[in-house]
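Worksheet: one structure, shown below.
The values are calculated or read from the model by the stated rules, or taken from the named source; none is laboratory data. Owing to the predicted nature of the structure, the values given are computational and were not obtained by experimental measurement. Here the Cβ positions follow ideal geometry from the backbone for every residue, glycine too, while neighbour counts run over all protein chains shown. The area values use the complete protein model at the heavy-atom level, side chains included, leaving out ligands, DNA and RNA. Shrake-Rupley method; radii C 1.70, N 1.55, O 1.52, S 1.80 Å.
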Amino acid sequence: MKKHFFVAVVFGLMCSINTNAQTPKEKAERLASEFNKEKNKQKEKNGKVTEKHITVEARPDYRENVSTYAATYELEGLDQFITLTQNAGGEWQADFTGKKDELVVSTGKLKDIKIEDALLAGTLVLPDGKTQAFEAVFISRFVNGELSKGLGFKQVLSLSNGMVVDRAFYKRKE
C-alpha cells in the first residue's frame with residue numbers, strides 16, 4: 001500500500017513540474033517583455049519647458065526560417081559584437097568580440113546553441129575557460145515607433161572594456 005502511495009506522489013510531482021515548465025515561446029515572451037519601458041521627463045530652464053517622452057516596446061522576433069537570424073549584432077556605442085553563424089550542417093556558432101586598445105579581442109563563444117521560437121539558448125565559454133548558461137531572445141524593438149531588430153539578454157556579462165552589464169540589446173547590423 002505504501003509503495004502505491006509513494007509512486008502516486010512521485011507521479012503527481014513529475015506532472016506538476018512538467019506543467020510549470022515554460023515553453024521556449026513563453027520564455028521568449030517573458031524575456032522580451034523585460035525590455036519594455038516608458039520614460040517621461042519634463043525639464044524647465046530659463047522659463048522654457050522641455051518634455052521628453054520615450055516608449056520602448058519589445059516583442060519576440062519569430063521567424064519560420066531560423067537561418068535568417070545569422071548576422072552580426074552590435075551593442076551600440078561600446079564596440080561589442082556577437083556574430084552568429086550557421087554552418088552547412090545546420091550547427092550554430094556564436095562569437096562575442098569587443099575592441100580593447102583598438103584591437104579586436106574575443107570575450108567568449110557560445111556552444112550547444114539551440115534556437116526555438118525566437119529564444120536562443122546555449123553555453124557561454126569565457127576566455128578563461130569558465131562556462132555559464134546563456135539565454136537570449138531575438139527582438140523586434142520599437143523606440144517611439146521606430147523599429148530595430150536585434151538580440152536581447154538579461155544576465156551578467158563582462159565586456160572587453162571592463163564594464164559589466166546585466167541586460168543588453170545588441171542591434172542587428174544590416
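Restricting region 58-77 to residues that are open to solvent by less than 80 Å² (accessible area, probe 1.4 Å) and in a strand (DSSP E or B) leaves a set whose member that is modelled with the lowest pLDDT is LEU75. Take GLN93 and tell me if it is closer than 13 Å to TYR69 by Cβ and open to solvent by 20 Å² or more (accessible area, probe 1.4 Å). Considered against the rule, which asks whether it is closer than 13 Å to TYR69 by Cβ and open to solvent by 20 Å² or more (accessible area, probe 1.4 Å), GLN93 comes out as yes. If we scan region 78-88, do we find a residue that is under 26 Å from GLU38 (Cα atoms) and open to solvent by less than 20 Å² (accessible area, probe 1.4 Å)? Looking for residues that are under 26 Å from GLU38 (Cα atoms) and open to solvent by less than 20 Å² (accessible area, probe 1.4 Å), one finds at least one in region 78-88, hence yes.
Among the residues making up region 22-39, those that are surrounded by 14 or more Cβ atoms within 10 Å (Cβ to Cβ) and under 12 Å from ALA58 (Cα atoms) are ALA28, GLU29, ARG30, LEU31, ALA32, PHE35. In region 27-56, the residues that are without any contact (Cβ under 8 Å) to a residue 40 or more places away in the chain form Cβ pairs under 8 Å with partners that are surrounded by fewer than 10 Cβ atoms within 10 Å (Cβ to Cβ) and among the β-branched types (Val, Ile, Thr), at six or more places apart or across chains, as follows: GLN42/VAL49; GLN42/THR50; LYS43/VAL49; LYS43/THR50; GLU44/THR50. Taken over region 99-128, residues that are open to solvent by 20 Å² or more (accessible area, probe 1.4 Å), closer than 30 Å to GLU26 by Cβ and either in contact with a Lys or Arg (Cβ under 7 Å, 6 or more places away or on another chain) or in a strand (DSSP E or B) (or both) amount to 12. Of all the criteria given as (1) more than 20 Å from ARG172 (Cα to Cα); (2) within 14 Å of the chain's Cα centre (by Cα); (3) free of Cβ contacts under 8 Å to residues at least 40 places away in the same chain, the one not satisfied by GLY122 is (1).
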